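The values are calculated or read from the model by the stated rules, or taken from the named source; none is laboratory data. Treat the numbers as computed from the prediction; the structure is a model and nothing was measured. Please note: Cβ atoms are built from the backbone with ideal geometry, for glycine as well, and neighbour counts cover all protein chains shown.
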Amino acid sequence: LLLAGLLAVGCEESGDEGSFIAPLDGQTGIAPDAALEVRAPTLDVPPDYPLPELIRVVDLAEGGFVPGEVLDDGDVLSFVPDLPWAVDRRYVWTVDIPAGIPHGPELHIAGQLSGSAVFDTSQAVAVLAAGLDDEDRACLVLSRHADPEILEGARVTADDQEVADLAFEVEGPEVWSDELWVPGLHPEVDLACLVTGEPIPPGTRLRVWWADSGPWVADVEEISPAELVIELHRGGL
Amino acid sequence: MRSLFALLLLLPGIAAAADDLSGGNASEGVRIHAKNGGTGIGLAERAVVGPDGGTTAFTISARFRLEAFQFGASVPFASYRVPGGRDKDLGNVQLWSFFDLPYGSFDQSVGLRIHFNVGESAYTWVDAGDELWPGAGIEAIWEARVGGGVTTWMLRGALGVHTAAGYDPFPDRYGRFQVAAGADVRLARRFGLVGETSIQYWDPSPWEISALARADIIEGLRLRAGLVLPLAVWFGWTPADQPAGVRETTVLVDLTAAF
């Protein structure tokens, strides 16, 4: 038993469960004081271990890195800017977790977390992706919570054919986020599901206009909109 | 030279046979230390070389013999790779005490060794898990030396309990057993070869063999150089996340003065 116990020491699982970034890639309406978060429960690094900048942010209007501080709060890495985010501004942020060095701490991180994503402080509503819900409705993943009124008078084409008799149902995360199985993930976007006479098959290219916005282009993917939201959060499945 | 050292350090000397230039430097391996040797000081440098290398440890040690007891201390200093550069820190201070058992047909001693962190964080290792990576622990040790003519056989057994900064691949706490065997073959008055193999677990290098050449430059001043081959690491049998392959070995050089 002693030998078995000794041999078991250090043998721990290192899955990707529970990992994601927030806000999701393309999210708009970000609050001026919002922090950027990387939830990486498998990344267990000594607090005084020297690492390069793990999160960097670039202001796409002015260029250059945004000054700020990366905080390590156990499972969550956060980027807190020194100054509030500028209004109506688009930023790109990059998560760059280096590989571990042999003879050093192991830097376990879900592979999909590394990379770049954008966010926007404007209140614009964009279409980020489209999927099929469990009623086979094509649902658009919007870039933030959206007032259903903005979709009034919207136009949609499916493979360049105008969709007639169109209606939208806007659903908040309280409706569909129970499908999400990433612990701690609280999406801040809505879905706009198309109510049409004929179902829209997967692979269809949608173009959407509303008010003075558009066209937003999205190909209907054969996965649920909730899974698309997880993908945009780079969540571990 | 021996008298000069003794005078300078006010430490007692150890008589040596006229044809023996060891001057109190006992037969020593890599995991088997000269804990039943005489009073002395040492400097050691061990560097992990190869694609997975980059860690170098410098260790200064001192040992003091008082009758059948020996007391010792060592402090390692490490230079090592980190993502994007290098870092350097002190490792764990090691203190030990040994007692030469007065019975048996060969030299043997038992002892205790403790190690503890002094506030710096060298998150790396050369081979032994308790040397650099921040931690603390206590170990009971038995060592024996058999022979003493041309060939001296060396044996070591140890059992300890340790704590460590629990970041992968190190556990928060672990027990460690160790067995090691080696031989010191005297080739000439001044020269010899040392070979050793050791098995230890939990340890980042669970099985290794070592080969060193030693030279007694002058009486009481011994220079050794050689290689430590981490076989278990090469085979991928290591707690660290390292795939199998020959991508590292350890080069060892040390200088010991015995008084």
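Of all residues in region B:177-200, those satisfying the criterion of being closer than 27 Å to B:A244 by Cα and surrounded by fewer than 21 Cβ atoms within 10 Å (Cβ to Cβ) are B:F177, B:Q178, B:V179, B:A181, B:G195, B:T197, B:I199. Kindly evaluate B:A136 against the criterion of being surrounded by fewer than 18 Cβ atoms within 10 Å (Cβ to Cβ), within 26 Å of A:T42 (Cα to Cα) and modelled with pLDDT of 95 or more. Answer is yes for this residue. Looking only at region B:1-58, residues that are modelled with pLDDT of 75 or more, in contact with a Gly (Cβ under 8 Å, 6 or more places away or on another chain) and not in a loop (DSSP other than H, G, I, E, B) come to 4 in all. Please count how many residues of region B:228-257 are crowded, with 18+ Cβ neighbours inside 10 Å, within 12 Å of B:V49 (Cβ to Cβ), within 13 Å of chain A (Cβ to nearest Cβ) and not acidic (D, E). Of the residues in region B:228-257, 3 are crowded, with 18+ Cβ neighbours inside 10 Å, within 12 Å of B:V49 (Cβ to Cβ), within 13 Å of chain A (Cβ to nearest Cβ) and not acidic (D, E).
The strands (runs of 3 or more DSSP E) found wholly in region A:183-237 and carrying at least 1 residues that are under 22 Å from A:I150 (Cβ atoms), at pLDDT below 90 and of a type in the set (G, A, S) occupy A:213-221. Can you tell me which residues in region B:111-128 are out of contact with any strand residue (DSSP E or B) (no Cβ under 7 Å at 6 or more places or on another chain) and in contact (Cβ under 8 Å) with a residue 40 or more places away in the chain? Selection gives B:Y123, B:W125, B:A128. Candidates in region A:146-183 are the residues that are touching a Gly at 6+ places or on another chain (Cβ under 7 Å) and loosely packed, with under 14 Cβ neighbours inside 10 Å; of these, the one that is farthest from A:F20 (Cα to Cα) is A:D165. Candidates are the residues of region A:35-59 that are within 19 Å of the chain's Cα centre (by Cα) and among the aliphatic types (A, V, I, L, M); the one that is farthest from the other protein chains (Cβ to nearest Cβ) is A:A35. Region B:81-180 holds strands (runs of 3 or more DSSP E) entirely within its bounds, and those carrying 3 or more residues that are under 20 Å from the mean Cα position of the chain (by Cα) and either away from chain A (no Cβ under 11 Å) or of a type in the set (A, V, I, L, M) (or both) map to B:93-100, B:107-116, B:135-147, B:151-164. Summed over region A:75-98, residues that are closer than 23 Å to A:I109 by Cβ and either polar (S, T, N, Q) or under 19 Å from the mean Cα position of the chain (by Cα) (or both) total 13. Could you tell me whether any residue of region A:225-232 is under 14 Å from A:R137 (Cα atoms) and either more than 21 Å from the chain's Cα centre (by Cα) or touching a residue at least 12 places away in the same chain (Cβ under 8 Å) (or both)? Taking every residue of region A:225-232 in turn, at least one turns out to be under 14 Å from A:R137 (Cα atoms) and either more than 21 Å from the chain's Cα centre (by Cα) or touching a residue at least 12 places away in the same chain (Cβ under 8 Å) (or both). Please determine whether any residue of region A:105-122 is among the small types (G, A, S), within 14 Å of chain B (Cβ to nearest Cβ), within 26 Å of A:D75 (Cβ to Cβ) and surrounded by 21 or more Cβ atoms within 10 Å (Cβ to Cβ). Checked against the condition, which is being among the small types (G, A, S), within 14 Å of chain B (Cβ to nearest Cβ), within 26 Å of A:D75 (Cβ to Cβ) and surrounded by 21 or more Cβ atoms within 10 Å (Cβ to Cβ), region A:105-122 yields no hits at all.
Scanning region B:59-76 for residues that are among the basic types (K, R) and either farther than 17 Å from B:R113 by Cβ or at pLDDT 95 or above (or both) yields nothing. Quickly run through region B:134-152 and pick out the residues that are free of Cβ contacts under 8 Å to residues at least 40 places away in the same chain and within 17 Å of B:P204 (Cβ to Cβ). Correct list: B:G137, B:E139.
Of the residues making up region A:110-169, those that are hydroxyl-bearing (S, T, Y), assigned to a strand (DSSP E or B) and under 30 Å from A:G100 (Cα atoms) number 1.
Being surrounded by fewer than 20 Cβ atoms within 10 Å (Cβ to Cβ), at pLDDT below 95 and more than 30 Å from B:D203 (Cβ to Cβ) holds for only one residue in A:G74, A:G63, and it is A:G63.
Just one of the numbered conditions (1) within 14 Å of chain A (Cβ to nearest Cβ); (2) among the hydrophobic types (A, V, I, L, M, F, W, C); (3) within 15 Å of B:R46 (Cβ to Cβ) is not true of B:A211: (1).
Might you check whether a residue that is within 14 Å of another protein chain (Cβ to nearest Cβ) and charged (D, E, K, R) occurs anywhere in region B:182-203? Yes, region B:182-203 contains a residue that is within 14 Å of another protein chain (Cβ to nearest Cβ) and charged (D, E, K, R).
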